[in-house]
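The values are calculated or read from the model by the stated rules, or taken from the named source; none is laboratory data. Predicted model, so just to flag it, every value in this text is computed and none were measured. Ideal geometry is used to build each Cβ from the backbone, glycine not excepted, and the neighbour counts take in all protein chains shown. Side chains included, ligands, DNA and RNA excluded: accessible areas come from the protein's heavy atoms. Shrake-Rupley method; radii C 1.70, N 1.55, O 1.52, S 1.80 Å.
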Amino acid sequence: MVILENINVNFGTRKLFDSVNLRVGGKDRLSLVGVNGAGKSTLLKIIMGLFGYDSGKVIKSRHSTYGYLPQETVRLSGRILYDEVYDSADSIKSIEDELAEIEDELKNYGDRESEDYMDLLTTYSELQEQFTLLEGHKLKSKIEKILSGLGFENEDFEKDTGIFSGGWQMRIELAKLLLKNPSVLLLDEPTNHLDFESLVWFEKYIINYKGAIILVSHDKQFLDNVSRKTAEIHNGELNLFSGNYSFYTEEKRKRKELLESRFRNQQKYLQQQEKFIERFRYKATKARAVQSRIKLLDKIEKVELEQETEKIKFRFPPAVHSGRLLVEIAGLTKSYDGKKNVLENLNLNIERGEKIALVGKNGAGKSTLTRIIAGTESYSGGEMKYGYNVIPKYFAQNQAEDMDESKTAFEIMLEVNSGQNVTGIRNILGGFLFHGDDADKKVGVLSGGEKSRLALAKMLIEPSNLLILDEPTNHLDMHSKEVLQKALSDYEGTVIIVSHDREFIDGIIDKIIEVKNGGLKTYLGKSSEYLTVLESETPEPEVETPVPVKESSSGYKEGIENKKRKKEFVKVSAPIRKKISDAEKQIAELESKKTYLEQEMSKTDFYKDSDFAVEIKFEYLDLTQKIEDLTALWEKETENLNELEKKFLNN
């Protein structure tokens, strides 16, 4: 379990977190949502102890393990892939090392009847038991299955990690994390660099994961399939919703409607009271009534509407008229440095108005094909030609990073200005949330999301009829993605898009083209048809139950006195550990009941039967109090256990 109590974080005059409270149970699936900059990544870092907070408390079970995947991946090099991942299984490796040491010690031990010898045998038995629980004998096959599931080929296992690109580096970190199999997984945008195949495998793995998961992602379908609770961070506060992302959006809509209704009713009531006060303010016979109403109005807690989050506002310019056939590819081949062909003998016609998604494994050649179609990369053989009056526009994965960081957002737009006046450019920038002085910010100080928005804004300067987009949604938040999706759906020209975001492309495309083994295969319709084929070909991943840290199996290289202290600790702490375990089980059961009641209370017809509604509300309040009492007990006993550990194990 993880508990956050009244966490406060200030950045100068800005309050990032204002008394944030959160409780995560042993098998929870929690997604953190909110606009870019709301503090989602910061909250993960606070839980991991990587970021400080001004006040409050973070309580974590000392007998659980924690794994964290940050957005920013460390660059690895100098070791082969298999060894890099193998070394992350440190718990299994340390047990293997200790078993080997004890085996050597047992072989050379003199007095095999002594108490010390028996202690060594006991230790050896305990280590073997934990090694079996961790399935140490299956370590090699586990590594191979995880790496294969994440898209690595067998020949990649012996390659230096330094040759892999940033997206593959992230997969290496993810593989290491899954091999560790921690009790609590904290994942910050884990799907950003996964292709469809590895995403399908990873999603299955996470759905079946036996521990707790705290997740940040902008992939709606992934959140819907994985999460069971949603925590929204908004204006420094954290609000919990007892369902997945779709449940959260619907529940938030209902809450907003209810709040607006309460606001209207209160405003009407306040106006009536103020009219009365103004009418009779100077009449002596009504003085007492007037004063009474003034006092009443002072005591009323005002209903305030939430300030709407500003959204991007734009649509692409009308598509320039073109011929029916926009792109004609015949016998096209592409290789790098004369080695194996990435693309081989491709034949493809793209017609006016088509909306196409290019999919396939990372490295299959999707981005290469988009660059060839965009005219920014040459090809080795065959032919690629445009039809009549084709004007392509290309958005690359790294386009945001390629902009001159010394220039302002306005200057970047001015570079590609084609007849737009200053006011027109600033209006476009305003539509992408670069208002006033924001347009004069240098690219170097912009966030990843701001850079992506600026790169998209550049595409609006000149009209076109063929949009080629390679991963345009990376770094965009939910609202920005929705607006881009609508703009692309309404665009009358032709769209070719590379994206692994299923919900995003399903709102745009009418055809999927898979790039595989150098060739192309076409699927008509949405991504669901393609995913059906993929899922049938993707084996169900094996997921193990995380093994908690055992105080009786950590560090067996101390002397006999330390071992005796550990035995005494196990004996003395047993009742406390049982109380903690019982509390965790009861909290999980009550949380499940509470979630059910919250779902009942959110139904539109809940208040039709007033007696039933009152009964459910009382039961809900009773459950909430019981959970709070059990949580307080859990905190107290956890502190007691920590004190015992300090006394017996930290000397």
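The residues of segment 411-427 that are open to solvent by less than 30 Å² (accessible area, probe 1.4 Å) and modelled with pLDDT of 80 or more, listed by number, are 412, 413, 425. In segment 339-367, the residue that is least open to solvent (accessible area, probe 1.4 Å) out of those that are within 23 Å of residue 502 (Cβ to Cβ) and polar (S, T, N, Q) is 367. Applying the criterion of being more than 26 Å from residue 462 (Cβ to Cβ) and assigned to a strand (DSSP E or B) to the residues of segment 368-385, the residue that is least open to solvent (accessible area, probe 1.4 Å) is 381.
The residue that is surrounded by the fewest Cβ atoms within 10 Å (Cβ to Cβ), counting only those in segment 496-536 that are free of Cβ contacts under 8 Å to residues at least 12 places away in the same chain and part of a helix (DSSP H, G or I), is 536.
Taken over segment 184-204, the criterion of being in contact (Cβ under 8 Å) with a residue 60 or more places away in the chain and closer than 21 Å to residue 66 by Cβ is satisfied by 184, 185, 186, 187, 188, 189, 190, 191. Does residue 306 satisfy the condition of being under 30 Å from residue 426 (Cα atoms) and touching a strand residue (DSSP E or B) at 6+ places or on another chain (Cβ under 9 Å)? Answer is yes for this residue. Looking at segment 457-482 only, could you name the residues that are of a type in the set (S, T, N, Q), assigned to a loop (DSSP other than H, G, I, E, B) and over 18 Å from residue 391 (Cβ atoms)? Answer for segment 457-482, where residues must be of a type in the set (S, T, N, Q), assigned to a loop (DSSP other than H, G, I, E, B) and over 18 Å from residue 391 (Cβ atoms): 473, 474.
Taking the criterion of being open to solvent by 80 Å² or more (accessible area, probe 1.4 Å) and among the hydrophobic types (A, V, I, L, M, F, W, C), the only residue of segment 254-267 that qualifies is 258.
Within segment 164-180, identify whether any single residue is free of Cβ contacts under 8 Å to residues at least 40 places away in the same chain and open to solvent by less than 50 Å² (accessible area, probe 1.4 Å), and answer yes or no. Checked segment 164-180: at least one residue is free of Cβ contacts under 8 Å to residues at least 40 places away in the same chain and open to solvent by less than 50 Å² (accessible area, probe 1.4 Å). Scanning segment 573-621 for residues that are assigned to a helix (DSSP H, G or I), open to solvent by less than 80 Å² (accessible area, probe 1.4 Å) and touching a Lys or Arg at 6+ places or on another chain (Cβ under 9 Å) returns 587, 588, 590, 591, 595, 597, 601, 620. Before we move on, is residue 349 free of Cβ contacts under 8 Å to residues at least 40 places away in the same chain, part of a strand (DSSP E or B) and not hydrophobic (A, V, I, L, M, F, W, C)? In short, yes. In segment 83-124, the residue that is farthest from residue 175 (Cα to Cα) out of those that are surrounded by 11 or more Cβ atoms within 10 Å (Cβ to Cβ) and polar (S, T, N, Q) is 114. One residue stands out among those in segment 477-495 that are under 22 Å from residue 528 (Cβ atoms) and polar (S, T, N, Q): the one that is surrounded by the fewest Cβ atoms within 10 Å (Cβ to Cβ), which is 489.
Regarding segment 268-284, can at least one residue be identified that is assigned to a strand (DSSP E or B), surrounded by fewer than 17 Cβ atoms within 10 Å (Cβ to Cβ) and in contact (Cβ under 8 Å) with a residue 12 or more places away in the chain? So far as segment 268-284 goes, no, none of its residues is assigned to a strand (DSSP E or B), surrounded by fewer than 17 Cβ atoms within 10 Å (Cβ to Cβ) and in contact (Cβ under 8 Å) with a residue 12 or more places away in the chain. Number of residues in segment 315-338 that are in a loop (DSSP other than H, G, I, E, B) and open to solvent by 40 Å² or more (accessible area, probe 1.4 Å) equals 8.
Would you confirm whether any residue within segment 192-205 is surrounded by fewer than 21 Cβ atoms within 10 Å (Cβ to Cβ), within 12 Å of the chain's Cα centre (by Cα) and at pLDDT below 90? For segment 192-205, residues surrounded by fewer than 21 Cβ atoms within 10 Å (Cβ to Cβ), within 12 Å of the chain's Cα centre (by Cα) and at pLDDT below 90: present. For segment 476-510, taking the residues that are in contact with a Lys or Arg (Cβ under 7 Å, 6 or more places away or on another chain) and of a type outside the set (A, V, I, L, M), the one that is farthest from residue 372 (Cα to Cα) is identified as 479. Among the numbered conditions (1) part of a helix (DSSP H, G or I); (2) closer than 30 Å to residue 37 by Cβ; (3) among the hydroxyl-bearing types (Ser, Thr, Tyr), the only one that residue 209 does not meet is (1). The set of residues in segment 290-309 that are of a type in the set (D, E, K, R), free of Cβ contacts under 8 Å to residues at least 12 places away in the same chain and assigned to a helix (DSSP H, G or I) comprises 295, 298, 299. Tell me, yes or no, whether segment 386-398 has at least one residue that is at pLDDT 90 or above, open to solvent by 80 Å² or more (accessible area, probe 1.4 Å) and either of a type in the set (Lys, Arg) or outside any helix (DSSP H, G or I) (or both). Looking for residues that are at pLDDT 90 or above, open to solvent by 80 Å² or more (accessible area, probe 1.4 Å) and either of a type in the set (Lys, Arg) or outside any helix (DSSP H, G or I) (or both), one finds at least one in segment 386-398, hence yes.
Pick from 543, 572, 547: which is under 28 Å from the mean Cα position of the chain (by Cα), at pLDDT 75 or above and closer than 23 Å to residue 129 by Cβ? Step by step, each of 543, 572, 547 is checked, and only 543 is under 28 Å from the mean Cα position of the chain (by Cα), at pLDDT 75 or above and closer than 23 Å to residue 129 by Cβ. Given 129, 135, which one is on the phi < 0 side of the Ramachandran plot and surrounded by fewer than 19 Cβ atoms within 10 Å (Cβ to Cβ)? 129 is the lone residue from the list that is on the phi < 0 side of the Ramachandran plot and surrounded by fewer than 19 Cβ atoms within 10 Å (Cβ to Cβ). Residues in segment 57-81 that are farther than 25 Å from residue 210 by Cβ and open to solvent by less than 40 Å² (accessible area, probe 1.4 Å): 76, 81.
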